[in-house]
Amino acid sequence: MTMKVNGYNIKAGANLWKADLSGADLRRANLKGADLRHANLRGANLNGKDLRDVNLEFADLSGANLKGADLRGLDLSLVHLEWADLTGADLTGADLFNANFVNADLSRANLSEANLKWVGLIDANLSGANLSGADLSGAIFRRCVGWESAIFSDGVKEKLMAGFIALEWNNDNES
């Protein structure tokens, strides 16, 4: 089934390289096997979508609604996720190398076993996020909220608190 969005024919396996799908509601679109490399998906609604077979390399997902989306194992390196809502999203084993999560909502997201090398988690919401087994080498955690309830591998939270990984935290309980 083909769906027309912003002038593009959306269907399984579609070549949407560099497509402008900003603000599009893609919840009912069949994106299986679609090529969305370098696509503009700013503010797009992908709520609950299974995106495991979609190529999203270098896509701009700033402000996108990815609540409950299935992004397991995807290559999302260098993807823009500023202001994105990833509440409850499954990013298990995803490659998020150097991705930008400024002001992103990652509450209850599963980032276990993900590659988070050199990611920017600045002003992000980590409430209840699962980061166990994630590679946090060079990751920048700055003014994150909800980090206290985030799940980390043994010893990682202590390293974060000691400053070995994190630079600063937003902790409203401190005076």
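Tell me which residues, restricted to the range 5-29, are of a type in the set (Gly, Ala, Ser) and crowded, with 17+ Cβ neighbours inside 10 Å.
So the first thing to find is which residues in the range 5-29 are of a type in the set (Gly, Ala, Ser), and the list is 7, 12-14, 19, 22-24, 29.
Selection gives Ala14, Ala19, Ala24, Ala29.
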Which condition does Trp83 not pass, out of (1) in a loop (DSSP other than H, G, I, E, B); (2) touching a Cys at 6+ places or on another chain (Cβ under 8 Å), if it passes all the others?
(2)
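Evaluate the range 59-69: report whether one residue or more is loosely packed, with under 15 Cβ neighbours inside 10 Å, modelled with pLDDT of 95 or more and small (Gly, Ala, Ser). It would help to see each step written out before you state the result.
Filtering the range 59-69 for residues loosely packed, with under 15 Cβ neighbours inside 10 Å gives none.
Checked the range 59-69: no residue is loosely packed, with under 15 Cβ neighbours inside 10 Å, modelled with pLDDT of 95 or more and small (Gly, Ala, Ser).
Here is a yes/no grid of residues against (1) hydrophobic (A, V, I, L, M, F, W, C); (2) over 29 Å from Arg42 (Cβ atoms); (3) at pLDDT 95 or above:
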residue	(1), (2), (3)
Asp95	no, no, yes
Asn103	no, no, yes
Asn115	no, no, yes
Leu131	yes, no, yes
Cys144	yes, no, no
Asp154	no, yes, no
Lys159	no, yes, no
Glu168	no, no, no
For the range 124-146, which residues satisfy the criterion of being over 10 Å from Leu106 (Cα atoms) and either of a type in the set (S, T, N, Q) or without any contact (Cβ under 8 Å) to a residue 24 or more places away in the chain (or both)?
Ser132, Gly133, Ala134, Asp135, Ser137, Gly138
Checklist (1) over 23 Å from Asn47 (Cβ atoms); (2) without any contact (Cβ under 8 Å) to a residue 24 or more places away in the chain; (3) in a strand (DSSP E or B) applied to Leu121, failing item:
(1)
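Condition test on Lys32, is it of a type in the set (Lys, Arg), free of Cβ contacts under 8 Å to residues at least 40 places away in the same chain, buried (at least 22 other Cβ atoms within 10 Å of the Cβ) and farther than 13 Å from Ala104 by Cα?
Values: of a type in the set (Lys, Arg): yes; free of Cβ contacts under 8 Å to residues at least 40 places away in the same chain: yes; buried (at least 22 other Cβ atoms within 10 Å of the Cβ): no; farther than 13 Å from Ala104 by Cα: yes.
Against the criterion (of a type in the set (Lys, Arg), free of Cβ contacts under 8 Å to residues at least 40 places away in the same chain, buried (at least 22 other Cβ atoms within 10 Å of the Cβ) and farther than 13 Å from Ala104 by Cα), Lys32 does not qualify.
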Could you list all residues from the range 130-161 that are surrounded by 15 or more Cβ atoms within 10 Å (Cβ to Cβ), among the aliphatic types (A, V, I, L, M) and more than 19 Å from Phe97 (Cβ to Cβ)?
Val145, Ala150, Ile151, Leu160
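The values are calculated or read from the model by the stated rules, or taken from the named source; none is laboratory data. Just so it is clear, the model here is predicted, and its values are computed rather than measured. For neighbour counting, all protein chains shown are included, and Cβ atoms are generated from backbone atoms with ideal geometry for every residue, glycine included.
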